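Quick notes on the structure that follows.
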Amino acid sequence: MKINNIKQLIAVAAIGLLTACGSPAPDAVLLQPGVSRELAQYRKEHFGDVRYHLFFSIPESREEAVIGKAEIALTLREKQPLIIDFRGEPAQVAFVLLNGKQTPYTVKDEHIVIEAGEVAAGENRVAIEFTANDQSLNRRDEFLYTLLVPDRARTLFPCFDQPDMKSLFTLSLEVPAAWQAVANGAVEQVDSMTVAGRRRILFRETEPLSTYLFSFVAGKLTRETFSRDGRHISIYHRETDPKKAAQCPEIASEVFDALEWQENYTGIPYPFAKYDLIILPGFQFGGMEHTGATLYTDGRMFLNENPTLNERLSRSALIAHETSHMWFGDFVTMEWFNDVWTKEVFANYYASQMVEPLFPDVNHSLNFMLDYIPGAYSEDRTAGANPVKQDLANMRDAGLMYGNIIYDKSPVVMAMLIRMMGKDAFRKGIQEYLKTYAYGNATWDGLISILDNYTDRDLKAWSHVWINEKGMPEIRSEVKGDSLIVTQSDPWGRGLRWPQVVTYAVITDSRTDRVSVSLGSDGNVSKTLVPALDAGPQKNSPDQSVVYTASSVWVPNVDGTGYGFFRVGEEELDGLMSVLKTHPDEVLRGSLLITLYENLLNQTIPAGRYMDAMLDYLPGEKNSLLFSAALRYIGNCQRLYPSAPEKLEQVLWQIVTTAEQPQYRLQAFRQYRSIARSPEAVARLYALWQDRKAPAGCSLSENDYIGLSYQLALLMPEKADEIVATQQLRITNPDRKRQYAFISPSVSPRKEVRDSVFASLLVAENRRVEPWASAALANLNSPLRQQEAVAYIRPALEAMQEIQRTGDIFFPRNWASALLGGHTSTEARKEVDDFFAAHPDYPVLLANKIRQQADHLYRLHD
């Protein structure tokens, strides 16, 4: 066992004394809520050969408890206290048998503890009957599904809830006769006779899995099966719209494509017995990579009629992401959740490669940049920035590891690594990595040690700043004489050097020249010769030594591979916008879009000039990905720096009614819907919603009309009740009807109703369907109601620790985003300030989530 710090050394010493003296109970350093790093290391050192035989009896009514039985087989090297994780009350444990006999036990600090004196050296079998918690069962009226990442398995059944104790699972379910069930393993036997009105389903034993990957789904589901080259995939869903359900063959085809791609790339056949997927309404993630029972959300998988390019790319990337996890995350799993990003970086990076052959007409360098850079910047620029690899003392905080840094920054960093090594060398290293750790656990350091054998570069030094340190550099440039001088600085004052190559372009009326600058290896200032420029009118620096043509424009990071805040000034805006409007290089334009927006947020470019320039540019942009990004930035600018809406409304409506591409019309309409404020615009939206008559060439889906109904209820309080009642009647799918009934009270014109909705969201049971809860909270805190909603900020922030304890991994961030995203006032910032002042020792990981989502309040009011 590797000893990494003094705390671990003390824990190990305590374990040794405990064992030697025959102490009747484990030391307190091991017995604390959650799963501490010390407990995980202790169990990994002393426990082995773990197998689970699990049984759950699932009643049809979600008001009745789910009863379970767990038989855990394991070996112990010597007589040790047996500490089993279970987050439940003592009364939820009906009995515990050890090796066939009743045994004394205690339920304490989220563990079932059997003392060392009761345990045998060698093989042991523990049988526990228990009542499962509903937290991770995600129960609805007609179905349920488990979601146990990262440490929720212990809320469902007694287990060793740490990723490095991979085990074999056998599962039996008893469900209502009309229900189906799917799990990690294939169905081995179905018994419909033993219990009247019930079915017992036995699933085959799995391959070695971490507890967070164990899963089952049961309920009223439609099953469709597809085959290719001897491989079979079943898709389970609850969709009633025939046009959406008809997309299942296309979804299955993309799964087959993704499996084949990874098999070819890794040289390893699909390492699990089956690949089934379940598409669920209201699922709180895009997807979750349970082997044999991968879960997806219906909103990302079943696309609306005439989907946009972004929506189609998003679905394909999601399928590729979850399929990549079968190798990176499931087959080889991180040892501890501080390295959770090592599975997400591979899933996202390889997803970007796997979608390329599916969309041959897309500029995939542009798509990669727009997919990952803006999301990474959105957290890395904030006071809540965190490193890619974070410290994790206890699994109970593992959910806070997740965020845009691990999903978006890490693929950018991975692309840098691959450029340094070369694609072939990297691929060979990855294949060795997978073979070395097959069905086991790995660390980032272990991967770097393998990759080091395939390159002469110092990967450990490179990795330190990009992986172990938070934030990003500020990068400035200037031309002096015949040189381009590029400087990077550390906004956090640590003096860090980020090794990277940054490419600039000098653009004149007749040509574009590129200059690449290597930063960080020898210092934070780099100097390189500029291209020789045509003679012409001269523009001089203060020292009169800079010579270049008056029409020249210097554009930073033109290939989009650099990472940092590239500072430009207001005086450069006209030249840069001219390049944005006319330059043929799509990646250059995309990188420039990002740079200009970041400078807007850093207030080096005035909001009014930025908005005018972007509205002048938008109608002429012919690239769909760039159009979408620009539209999003324009909407954000209006939200953060609101101005008179008439010109914005006019430009957007012109696109809605005249754009050649239907998806441009649809995207512009959605942005128009969100920013419409003038009486004319509101009346127009109400008329088309009322008549259900979309503008010509703009195909609106049911979800578009639902979103419009919420916005109209906020804009037209005198008609809000009528709008909501009408929209409710229009919805036919029962799951979507329930969703609308839950969310729609949040747009009520009556404050007492909204206050009641907010109070209900503070009760954990009412937040079970997390996307619905987030949507309701966002409506309560709409920019149209922010003055009244300031009163919600403090109590909602006070609930954050409970949100983390009772919610899934993305919910703390989504809760904070829904709460704060619509606010721009000084009063809102004061509420955040007062909260942190009242909690000076607030948990850092959770505080970071709040600071990330409050960043705009500080930029607006510094």
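The values are calculated or read from the model by the stated rules, or taken from the named source; none is laboratory data. It should be emphasised that the depicted structure is a prediction, and the values quoted were computed from it without experimental measurement. Backbone-built Cβ (ideal geometry, glycine too); neighbour counts: all protein chains shown.
What the table shows:
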{"quantity": "Residue in the range 573-582 that is part of a loop (DSSP other than H, G, I, E, B) and modelled with pLDDT of 95 or more present", "calculated": "no"}
{"quantity": "Residue within the range 233-243 that is buried (at least 19 other Cβ atoms within 10 Å of the Cβ) and assigned to a helix (DSSP H, G or I) present", "calculated": "no"}
{"quantity": "Leading residue by the ranking (nearest to Lys69 (Cα to Cα)) among those in the range 190-222 that are assigned to a loop (DSSP other than H, G, I, E, B) and free of Cβ contacts under 8 Å to residues at least 12 places away in the same chain", "calculated": "Thr194"}
{"quantity": "Output for the range 451-482, where each listed residue is polar (S, T, N, Q), outside any loop (DSSP other than H, G, I, E, B) and more than 17 Å from Gly523 (Cα to Cα)", "calculated": "Asn453"}
{"quantity": "Asn733 being modelled with pLDDT of 95 or more and either in the same structural domain as Val149 (by TED's automatic domain parsing) or buried (at least 20 other Cβ atoms within 10 Å of the Cβ) (or both)", "calculated": "no"}
{"quantity": "Verdict on Ala383 being assigned to a helix (DSSP H, G or I) and either surrounded by 15 or more Cβ atoms within 10 Å (Cβ to Cβ) or of a type in the set (A, V, I, L, M, F, W, C) (or both)", "calculated": "no"}
{"quantity": "Any hit, the range 342-360, residues being closer than 23 Å to Thr436 by Cβ, charged (D, E, K, R) and in a helix (DSSP H, G or I)", "calculated": "yes"}
{"quantity": "Total residues in the range 717-751, condition under 15 Å from Leu780 (Cα atoms) and outside any helix (DSSP H, G or I)", "calculated": "3"}
{"quantity": "Spans of helices (runs of 4 or more DSSP H) in the range 596-712 with at least 3 residues among the polar types (S, T, N, Q) and surrounded by 17 or more Cβ atoms within 10 Å (Cβ to Cβ)", "calculated": "624-640, 662-675"}
{"quantity": "Of residues in the range 407-453 being hydrophobic (A, V, I, L, M, F, W, C) and under 15 Å from Val465 (Cα atoms), the one surrounded by the most Cβ atoms within 10 Å (Cβ to Cβ)", "calculated": "Val412"}
{"quantity": "Leading residue by the ranking (surrounded by the most Cβ atoms within 10 Å (Cβ to Cβ)) among those in the range 576-593 that are touching a strand residue (DSSP E or B) at 6+ places or on another chain (Cβ under 9 Å) and touching a residue at least 40 places away in the same chain (Cβ under 8 Å)", "calculated": "Ser591"}
{"quantity": "Residues satisfying the stated conditions in the range 512-524, i.e. in a strand (DSSP E or B) and either modelled with pLDDT under 85 or of a type in the set (Gly, Ala, Ser) (or both)", "calculated": "Ser516, Ser518"}
{"quantity": "Number of the condition not met by Tyr275 [criteria: (1) without any contact (Cβ under 8 Å) to a residue 60 or more places away in the chain; (2) in a loop (DSSP other than H, G, I, E, B); (3) more than 29 Å from Thr240 (Cβ to Cβ); (4) not hydrophobic (A, V, I, L, M, F, W, C)]", "calculated": "(3)"}
{"quantity": "Residue match in the range 618-634 (condition: of a type in the set (Gly, Ala, Ser), without any contact (Cβ under 8 Å) to a residue 24 or more places away in the chain and outside the structural domain of Val362 (by TED's automatic domain parsing))", "calculated": "no"}
{"quantity": "Residue among Lys69, Lys101 that alone is basic (Lys, Arg) and closer than 17 Å to Arg51 by Cβ", "calculated": "Lys69"}
{"quantity": "Residue match in the range 502-511 (condition: assigned to a strand (DSSP E or B), over 35 Å from the mean Cα position of the chain (by Cα), modelled with pLDDT under 95 and surrounded by fewer than 19 Cβ atoms within 10 Å (Cβ to Cβ))", "calculated": "no"}
{"quantity": "Residue within the range 246-261 that is in a loop (DSSP other than H, G, I, E, B), over 30 Å from Trp815 (Cβ atoms) and outside the structural domain of Arg199 (by TED's automatic domain parsing) present", "calculated": "yes"}
{"quantity": "Selection count where residues are in a strand (DSSP E or B), at pLDDT 95 or above and surrounded by fewer than 18 Cβ atoms within 10 Å (Cβ to Cβ), scope the range 100-126", "calculated": "6"}
{"quantity": "Test result for Ile201, over 29 Å from the mean Cα position of the chain (by Cα) and buried (at least 22 other Cβ atoms within 10 Å of the Cβ)", "calculated": "yes"}
{"quantity": "Some residue of the range 380-396 being basic (Lys, Arg), within 25 Å of Glu598 (Cα to Cα), more than 17 Å from the chain's Cα centre (by Cα) and modelled with pLDDT of 95 or more", "calculated": "yes"}
{"quantity": "Total residues in the range 284-329, condition part of a helix (DSSP H, G or I) and in contact with a strand residue (DSSP E or B) (Cβ under 6 Å, 6 or more places away or on another chain)", "calculated": "4"}
{"quantity": "Near pairs, Cβ below 6 angstrom, 6+ apart or cross-chain, from the range 686-707 (small (Gly, Ala, Ser)) to any residue that is part of a helix (DSSP H, G or I)", "calculated": "Gly697/Pro662; Gly697/Arg665"}
{"quantity": "Counted residues, the range 58-109 - those being touching a Leu at 6+ places or on another chain (Cβ under 9 Å) and among the acidic types (Asp, Glu)", "calculated": "3"}
{"quantity": "Residue within the range 811-824 that is surrounded by fewer than 16 Cβ atoms within 10 Å (Cβ to Cβ) and at pLDDT 95 or above present", "calculated": "no"}
{"quantity": "Residue identified as touching a residue at least 24 places away in the same chain (Cβ under 8 Å), in contact with a strand residue (DSSP E or B) (Cβ under 6 Å, 6 or more places away or on another chain), among the aromatic types (Phe, Trp, Tyr) and closer than 19 Å to Met416 by Cα among Tyr504, Tyr454", "calculated": "Tyr504"}
{"quantity": "Test: residue in the range 67-81 that is at pLDDT 95 or above and part of a loop (DSSP other than H, G, I, E, B)", "calculated": "no"}
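Condition check ((1) under 30 Å from Gln853 (Cα atoms); (2) out of contact with any Phe, Trp or Tyr (no Cβ under 6 Å at 6 or more places or on another chain); (3) without any contact (Cβ under 8 Å) to a residue 60 or more places away in the chain) across all residues:
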position: Ala398; (1), (2), (3): yes, no, no
position: Gly403; (1), (2), (3): yes, yes, no
position: Ala442; (1), (2), (3): no, yes, no
position: Lys460; (1), (2), (3): no, yes, yes
